[in-house]
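The values are calculated or read from the model by the stated rules, or taken from the named source; none is laboratory data. For clarity, every value in this text was computed on a predicted model and none was experimentally measured. Cβ sites come from the backbone with ideal geometry, for glycine too, and all protein chains shown count toward neighbours.
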Amino acid sequence: MTAPDDQLALAKALTRRAEQLCVGLEHGIADILDRVTPITAELLRWWRLLLLQPVVDHIIKVFGLALVQAKDRAIHGETELLHRRLSEVSKLMVRESASLEVTKCIYERLPYPTRSCGLERAFIEWAQEDGSIEAFCKISENPHDFARLRYVKDDGMPAFYIPDFFARTADAVYLVETKAQQQLGHPNVQRKLKAAATWCERVSALAPAMRSGRSWHYALVGESLFWDWKQKNARLAELLAFSRVRSLPTQQAQGKLVF
């Protein structure tokens, strides 16, 4: 199933759930009234207000956050792990003019976007030449669709996110996102960060044998920091360790659900 299909199915399920909770709202007896604060319950009793688009948008946003928070609840018992490998995609289709030859990846060439500041190309070049990086790969959105992560956008809608790179060092595996400096503070960038960091924490909590004995981290690398460390002849593994996101409380992974 493609990403648009997944999003459509999730949207339909979200709509059905909202409709179920609102049954009887016109009579003041809907289930949703027991799940919100008294102020919101009073507002919802004026059910005709639901015809206003801002109210509809608010409800969608609230339930979108609730869906992701439900995934963050503590899970007890044994973990069933499904291994997926980049090698499931045997070959990447790339243009020679927009790709680089590499030897630390299962693919002979890795693509990079041509309409950017050159940050991703520079990352590939540095990772290839730096001895602190054992292996790395540029994650391609369509072929590597199994590497996507769920998150909730700033407008409350569920979405998928795929980081730029995997990078493996002697003691860690990094999911790496490279970003232009002005984009670092964007709300959706921060939401992706929290979702990816939470996912990496879950992987790192597995038994060492289930994660190749390495800890997993998410590193958000800004443009200024990248060029500063590179020009000082630093090791890329040191930059990733410096840039990695530290522990986040699970319940804060996508923002608290507030009515």
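Data for the structure
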{"read-out": "Checklist (1) touching a helix residue (DSSP H, G or I) at 6+ places or on another chain (Cβ under 9 Å); (2) touching a residue at least 40 places away in the same chain (Cβ under 8 Å) applied to residue 192, failing item", "value": "(1)"}
{"read-out": "1 or more residues charged (D, E, K, R): qualifying strands (runs of 3 or more DSSP E) within region 116-220", "value": "135-138, 149-152, 165-168, 172-179"}
{"read-out": "Filtered residue count, region 82-108, keeping only those that are among the charged types (D, E, K, R) and assigned to a loop (DSSP other than H, G, I, E, B)", "value": "6"}
{"read-out": "Region 93-126, residues that are under 22 Å from the mean Cα position of the chain (by Cα) and not hydroxyl-bearing (Ser, Thr, Tyr)", "value": "110, 111, 113, 119, 120, 121, 123, 124"}
{"read-out": "Region 87-103 residues that are of a type in the set (Lys, Arg), paired with ones that are at pLDDT 90 or above and in a strand (DSSP E or B) (beta carbon under 7 Å, 6 or more apart)", "value": "none"}
